[in-house]
1. Counting DSSP beta bridges with both partners in segment 1-64, what percentage is antiparallel, nearest 5?
2. Assign unit charges at the C-beta atoms only (+1 for Lys and Arg, -1 for Asp and Glu), then state the dipole size of the chain relative to its Cα centre in Debye, rounded to the nearest 20.
3. Restricting to Cα pairs below 8 Å that are 6+ residues apart, what does the relative contact order work out to for the chain? Please round to a whole percent.
4. Relative contact order for segment 77-129 using alpha-carbon pairs under 8 Å, separation at least 6, rounded to a whole percent?
5. Enumerate lysine pairs in the chain that are 8 or more residues apart or on different chains, then count those whose Cα atoms are under 25 Å apart.
6. With no solvent and one equal point scatterer placed on each C-alpha of the chain, evaluate the Debye formula and give log10 I(q)/I(0) for q = 0.09 Å⁻¹, two decimals.
7. Helix 86-95: angle to the longest alpha-carbon principal axis of the chain, degrees 0 to 90, nearest 10?
Amino acid sequence: MTQLKGFHHVAIICSDYPRSKAFYTDILGFKIIAENYRAARQSYKLDLALPDGSQIELFSFPDAPKRPSRPEAQGLRHLAFVVDSVANYCAYLTHHKVAVEPIRIDEYTGKAFTFFNDPDGLPLEIYQA
């Protein structure tokens, strides 16, 4: 049996393409692999990567509906990124005017973690390595 080896990418639809592109590249540090404008769909598709090969496909579509997140909706809840130091990364995000929730400790692993949001309110987590 063939087994899964990991995630290739996660797809995100944003409401403001330039704002989200800047957030994921300038603040979170994703590198641009490819950027394409699809005229027939009036849509951008931006392929982004982290050093470990993890990728995000960032899409823009005109008039895409907002994602329900409160109360918690079924489906994908959040994306979690690993960092060496949650406290240091929180300071970095705060310096870039990104609101961060208080740091918590995972009761099962003893690891630090916290949440913040992308420009469209998509919940993102940072988790101690």
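No value in this document is a laboratory result; all are computed from the given coordinates. Everything numeric in this text was worked out from a predicted model, so none of it was measured. Backbone-built Cβ (ideal geometry, glycine too); neighbour counts: all protein chains shown.
1. 65
2. About 280 debye.
3. That works out to 22 percent.
4. It comes to 45 percent, rounded to a whole number.
5. Close lysine pairs found across the chain: 12.
6. -0.29
7. Approximately 50 degrees, to the nearest ten.
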